[in-house]
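> Before I ask anything, here is the structure I am working with.
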Amino acid sequence: MKRIIAALALLGSGGTLAHAAEPFDKVGTVGAQFLKIGVGARATGMGASVYWNPAGVSRLSGNIVTINHTVWATDISMTQAAYIFNVGFMPGMFAVQAKSLYMSDMERTTVFHPDGDGTYFDAGDSQFGLTYSRSLTDKFSAGLTASFIHSGLDDLSDNVISFDFGTLYDTGYKSLRIGFAIQNIGGELTYIDGAQSAKVPTIFRVGASMDVVEVGNNALLMSAEFSHPPDNYDSETLAAGLGVKFPTSLSTETRFDYSYTDMSDLGGAHRFSLDIAF
């Protein structure tokens, strides 16, 4: 079970790169920013090295339920739930997940009422995804996630379909693993017309991890990641976390994790995760 929970929060994404040749130059602008927020306290505590790669699902077994809650900047929160399973009659693992970002209602401001006109509106985003992942050899695995994304702002909203693709390779050198992923391959969100559209954030990532110290069932994991977001901006800096794992029955294991991520001027993000494997 040492690596089971390490791949739990990998589900979530949608998008494409911004094009410089459009009538309105949108280079560096993307929509659905919540897709860039990592989920899962243990994943972000390790630098989010496992969050982004659907190929990691293939390394799991049995059934796993995970619930993740993030307290973000100001009064923004995000909750994700996922179920990872196999169907028995075909190789590989499946996962279904739902993720929602929400915040308190905001007061409208206008040119004539810059401090608010007394009316309020809401905003939020959600994502529903299906992942399939399997090992193609004893060292190489691949995974694909298809997602439906909804973004709403007051009475304006739009939907888009996106895909993630990832691979994971065991090098054979000790426990060194190398991963590659492309997140959010898809369309764009259009709230009013083409001039108001925004691409969802396609992100390219390469990462590696290895257990540098192993003592019994415990291991010290070292990981590194390179990523390129389309808007060239990432608010998260340093992260740290802790967790506890304990059996709740002969066939069930429960894990609780917490992590804190520093976001510089935005403050910090608190993440809580509950994972049940059975």
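The values are calculated or read from the model by the stated rules, or taken from the named source; none is laboratory data. None of these values were measured; they are calculated from a predicted model. Using ideal geometry, Cβ is built from the backbone for each residue, glycine included, and neighbour counts are taken over all protein chains shown.
> Of everything in segment 75-92, what is closer than 26 Å to F34 by Cα and without any contact (Cβ under 8 Å) to a residue 60 or more places away in the chain? Give them in sequence order. Please lay out each step first, then the result.
First, pick out the residues of segment 75-92 that are closer than 26 Å to F34 by Cα: 75-85.
Listed by number, the residues that qualify are D75, I76, S77, M78, T79, A81, Y83, F85.
> Out of T74, T131, report the one residue that is part of a strand (DSSP E or B) and of a type in the set (S, T, Y). Outline the logic, then answer.
Working: T74 fails: part of a strand (DSSP E or B).
Exactly one residue qualifies, and that residue is T131.
> Continuing with this model, one more query. Given the conditions (1) modelled with pLDDT under 80; (2) out of contact with any strand residue (DSSP E or B) (no Cβ under 7 Å at 6 or more places or on another chain), and given that S227 satisfies all but one, which numbered condition is not satisfied?
(2)
> Among the listed residues S157, S126, S151, identify the single one that is part of a strand (DSSP E or B), of a type in the set (S, T, N, Q) and more than 19 Å from the chain's Cα centre (by Cα). Give the derivation first.
Working: S126 fails: more than 19 Å from the chain's Cα centre (by Cα); S151 fails: more than 19 Å from the chain's Cα centre (by Cα).
From the options S157, S126, S151, the qualifying one is S157.
> Which residue out of A98, A181, A142 is in contact with a Leu (Cβ under 8 Å, 6 or more places away or on another chain) and either assigned to a strand (DSSP E or B) or closer than 23 Å to H228 by Cβ (or both)? Full working, then the answer.
Working: A98 fails: in contact with a Leu (Cβ under 8 Å, 6 or more places away or on another chain); A181 fails: in contact with a Leu (Cβ under 8 Å, 6 or more places away or on another chain).
Sole residue among the options that is in contact with a Leu (Cβ under 8 Å, 6 or more places away or on another chain) and either assigned to a strand (DSSP E or B) or closer than 23 Å to H228 by Cβ (or both): A142.
> Name, by its number, the condition in (1) out of contact with any helix residue (DSSP H, G or I) (no Cβ under 6 Å at 6 or more places or on another chain); (2) in a strand (DSSP E or B); (3) of a type in the set (V, I, T) that does not hold for I192.
That leaves (2) as the condition not met.
> Now for a different question. So which residues in segment 160-185 are surrounded by 22 or more Cβ atoms within 10 Å (Cβ to Cβ) and either farther than 22 Å from V57 by Cα or of a type in the set (A, V, I, L, M) (or both), if there are any at all?
V160, L168, A181
> Sticking with this one: Condition first: within 30 Å of L250 (Cβ to Cβ) and assigned to a loop (DSSP other than H, G, I, E, B). Now tell me which residues in segment 264-278 satisfy that.
Of everything in segment 264-278, just one residue is within 30 Å of L250 (Cβ to Cβ) and assigned to a loop (DSSP other than H, G, I, E, B), namely F278.
> Of the conditions (1) modelled with pLDDT of 90 or more; (2) over 20 Å from the mean Cα position of the chain (by Cα); (3) assigned to a strand (DSSP E or B); (4) over 28 Å from V212 (Cβ atoms), Y169 fails just one. Which one is it?
All conditions are met except number (4).
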